[in-house]
1. What residues does the stretch A:51-90 have that are buried by at least 50 Å² of accessible area in the full protein assembly compared to the chain on its own, 1.4 angstrom probe?
2. On average, how much accessible surface per residue is there in the stretch B:403-457, in Å², for a 1.4 Å probe, leaving out ligands, DNA and RNA?
3. Determine the dipole magnitude for the protein assembly as shown: charges of +1 sit on the beta-carbon of Lys and Arg, -1 on that of Asp and Glu, nothing else is charged, the reference point is the Cα centre, and the result goes in debye to the nearest 20.
4. Could you tell me how many degrees, from 0 to 90 and to the nearest 10, lie between the Cα long axis of helix B:132-142 and the main elongation axis, the longest principal axis, of the Cα atoms of chain B?
5. Step through the residues of the stretch B:240-245 one at a time and calculate ³J(HN,Hα) from phi using the Karplus curve (6.51 cos²θ - 1.76 cosθ + 1.60, θ = phi - 60°), rounding each to whole Hz and writing x for Gly and Pro.
6. Choose one of A:S124, C:H237, B:A303: the residue whose Cα lies farthest towards the positive end of the charge dipole of the protein assembly as shown (beta-carbon charges +1 Lys, Arg; -1 Asp, Glu; about the Cα centre).
7. Could you run the Debye sum over the Cα atoms of the stretch A:114-169, one equal point scatterer each and no solvent, and tell me log10 of I(q)/I(0) at q = 0.18 Å⁻¹, two decimals?
8. Which helices, counted as full DSSP H runs in chain C, have an axial Cα extent of no less than 20 Å and a Kyte-Doolittle average of 0.0 or above?
Amino acid sequence: MTENNNTQHQQQGLEGSEATNSVNPSHKTREQIAAENMRTVKKLAFVVVGMLGFSFALVPLYDVFCDLTGINGKTSDQAAVYEAVEIDESRTIKVEFITRTHSGMPWEFTAQTAEVRVHPGEMSEVAFFVRNPTSRDIIAQAIPSVSPGTAALYVNKTECFCFQHQPLKAGDEALMPMKFYVDPQLPKDISVFTLQYTLYDISAKVQPAVDVAMTTANGE
Amino acid sequence: MSTETATNTQDTHADGQHHDEHHEHHIPTGLSRWLLTTNHKDIGTLYLWFAFIMFLVGGAMAMVIRAELFQPGQQIVNPEFFNQMTTVHGLIMVFGAVMPAFTGLANWLVPMMIGAPDMALPRMNNWSFWILPFAFLILLSSLFMEGGGPGFGWTFYAPLSTQYSNDSTALFVFSVHIMGISSIMGAINVVVTILNMRAPGMTYMKMPLFVWTWLITAFLLIAVMPVLAGAVTMVLTDKYFGTSFFDAAGGGDPVMFQHIFWFFGHPEVYIMILPAFGIISAIVPTFSRKKLFGYASMVYATASIALLSFIVWAHHMFTTGMPVAAEMFFMFATMLISVPTGVKVFNWVATMWRGSLTFEVPMMFAIAFIVLFTIGGLSGLMLAITPVDFQYHDTYFVVAHFHYVLVTGAVFSIMAAVYYWLPKWTGKMFDVTLAKWHFWCSLISVNVLFFPMHFVGLAGMPRRIPDYALQFADFNKWISIGGFAFGLSQLIFLVLIIKACKKQGEPVSDQVWEGAEGLEWEIPSPAPYHTFETPPVVK
Amino acid sequence: MKRISTLLVSAMLALSNSAIATTAAERSDVNLREGVTDISAQVYDLHMLMFWICVVIGVVVFGIMFYSMVMHRKSRGAKPANFHENVKVEVLWTVIPFIILIAMAWPAAQTLMAMEDTTESEVTILVTGSQWKWHYKYQDNPEVEFFSLMATQREQIQNKFEKGENYLLEVDRPLVIPTGKKVRFLITSDDVIHSWWVPDFAVKKDANPGFINEAWTNVNEPGIYRGQCAELCGKDHGFMPVVVIAKEPAEYEAWIKAQELAAIEAKAEEQRLLALNMSMDELMTQGERVYNTACVACHQPNGEGLPPTFPALKGSAIALEKQNIPAHIDYIINGKNNMPAFGKQLTMSEIAAVVTYERNAWGNNTGDMVQAKDVNAFINGK
């Protein structure tokens, strides 16, 4: 039995277990084998459940991975706090803004300034114009995307309309502000990057909240 | 191959015949035998027949694809149905043909190779087979739904498979879940059998390579099939239950789907090729009459391919837009895989070197495998190079690559295995003339079919298109002709197998092939219904 | 086996020979093209380097195997040797491939760095994919933006007309870029994932909905360059070609100025049309034309669609009942479910015409007429 236990332990390391020379004793009873089998099945079933959990854990892990590598060019959905960093006047970064509305989103959406040139560390403020020309109230969500993706890690927004849902009543228009600064750590080879906002009509998805949101919008 | 394998004579050798008869009357007959069987040989047979039928069904879909692409212009099917054909062809060949065929071989051979009386969990074995036909019935029936079946490719990239698909997606997801459960149960069974049921003296480093490669494959299956299940579940909830895993509007990311899918998908590719390595490593030494060269390095190479398969997934998605550093990492990691794969090819060649070679049908398929799989491997190396991959990606060059590794690789190895072990299973030599016809027809047609795909791919023909520009017309005609010929050649195989199942042919010896070594060649031919009820002792 | 291998090797050689004979701008039918940018030439060189390394590896490995197959046959009396391992040899054939890999990786890394050069470019174009067309917007000349649809006639696809030289690779409005300048493409999508590919530039980048990707090119030679969507994007994935015309900078400047003027004029024209009422005949003629470019792929020439994904218009409530006219216009402008939004692609008068057409064609004889000003009223919420 000792030899057998030995085998079991070595099995844990799967590919690492090739060196084993243990021998299964020939006199195991059927019950012993069955019990042993059940133990192994339980371990493997545990792995299966674990991997299923892992597949869903990949969702938050992917976000972490993106935050580390800038793999998908998403900026943070949390407001940054402006840290009084030194302004690097030796570099000028061109930031371009692209505004798009997703298929079926009827708003007009334009950037007031198509591009700004900023020094890393310097705060800048830009605004985006929106108008809901339709006869219905619509709630929008803006989704940011930066290219090259790496630059997304160095865009710090202290205020952005993309942090919240943006409701507009029929026929209304608004100016949506965005304040940001570029981290001076921005890699040297990046001198220009593009920040795109895509507006989605999410009224259907957040329907129960629409009325509340509209009331708030009126209050402003 | 272990150095000196010898059975416990008391069990099989001397009393083999008697043993056989002793159990024969326990075998139930008719339909219930097959429905209720827990015998690893019966279940192996079921898996192999199922795989073969699915191979013909998926092949029929390939014929539709090739007929449509025979010449430019819309010919016989509309673009929607064309997409459904490419999608279901891929799903059926991967999950319905190649994987069940390998599971069938594992069922037949693993217990016989390690001296076990049966698989460790015989009743689960029955279940893992019998849910499989239902999975494919569901998938195939979705084709007859209003609006047709899934048409988003076997890779079901979101959002095409979520917001932009029809309701057959629900059936697709359900069927993939069942396939996954079946594969996971099969894999657990293989692992438990190999870990716990080996005969005394059958140490890990004495196990035949087929057993080794299957052990590693089973671990890969257990690791990644749940990830596939997760991915399809997310597709389902995104489509029907308002989640936004892959929808940018809700804070998700469609590219994340590809990361999750290929985290499953790349190990999946090796699930379909590692058992093939085991098969070739059994056949080449037999017909070289020489031991396998570098047994230990074969085991290490298999393990390292399996481990590397977890860190190369993003080479399928270079064009999605990744930081340069990530592109470099995945390029280098992918290139690394060619080292252990190369070791395997070199070892097979070294096994043949200064052997005493004969070229029976299994060996013919094995040699074709080595050459054609290597061609597929070399084009894989080219695909690993990121800057050039931008040009190759999603063209017929990729189609050529993966059909070389999966058809002339995995499928040829399965055919080699069937020819190699069939006489052991039936006790009769198969029809060698037919087998040679099958080999030569398949070999020539498969190259007419897939080799020109390299050319059209490089010249710029995208994959998954139902119609193409005129400069690709000549090659596509040849590809289609090759395709029809390859499809017809498999009917020879069907006839041969039916003849073999009717037990026609010359009786064979226990060893069957002159140079064959291993426990399965020491039991009688045909293999009795029950083998190794008392474990043999392996010295 | 041997015959087959000779066949394969000669096929490979044939491939490389014809590749050598191919000059820069020429299109090869069997090999990658060298293309018309420095990057595409580098990519081509890398491809050929990889190809030859693979050929050499193949020839050596298969050569040894075939030698063994001939010389070590049992029928020639070969007796099996007894070796089955050799650490030295095994280490050697692990290390040598590794060195070859490094030799491959070095130039590959160089090319990759050159491709991803993010420095400022002179022209920026926003490329948006949608089912199944491309949209181009010149960021430096915001007035200039247009959709680019496949121009091959359906009759050619259905084998009724003879297929033209650029069958499936021709568009109504090609993208125009200047030569000798760094051009940046910002690539994104409106619905599913597409992939924008021009082989001659060695540029292929996925268009991901909600996300933006970048690619750059600097074209050396003026000419017309054709590519296709490379990512499965649904039914008509095979029918969304990319055509790019590279013009000398001066010609390009003239072109873009003309486009700007035309865009401004078109806007004025649209305003003028708002005041006009078109006759039924005019609406039907224009409507049919619009239908055949924008709607026919899904709703089919007979208006019967491909249900359930693409519903029928013939006999449908939306196209028959009078109170549904606003909903009908809304569908076309904003889309719904699988139906893409056409508000950006079609002018108000075109929308008016196609609505009228759909309400009066195929036996939908409602007699309803919709004018551009009705569409304008709908857009502005009246």
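1. The answer is A:M51, A:S55, A:F56, A:L58, A:V59, A:Y62, A:I71, A:K74.
2. Numbers: 1230 Å² over 55 residues.
Solvent-accessible surface per residue comes out at 22 Å².
3. On the way: 73 positive and 100 negative charges, 767 e Å.
Dipole size: approximately 3680 debye.
4. Once rounded, the angle reads 20 degrees.
5. Each residue of the stretch B:240-245 in turn: 10, 10, x, 6, 10, 4 Hz.
6. Farthest towards the positive end: B:A303.
7. Once normalised to I(0) and log-transformed, intensities are -0.80.
8. Working: long enough: C:2-21 (28 Å, 1.08); C:38-71 (49 Å, 1.69); C:87-115 (42 Å, 1.60); C:249-275 (40 Å, -0.34).
Correct list, ordered by number: C:2-21, C:38-71, C:87-115.
The values are calculated or read from the model by the stated rules, or taken from the named source; none is laboratory data. Because the structure is a prediction, the values reported are computed rather than measured. No Cβ is skipped: glycine too gets one built from the backbone with ideal geometry, and neighbour counts run over all protein chains shown. Areas reflect the complete protein model, heavy atoms only, side chains present, ligands, DNA and RNA absent. Shrake-Rupley method; radii C 1.70, N 1.55, O 1.52, S 1.80 Å.
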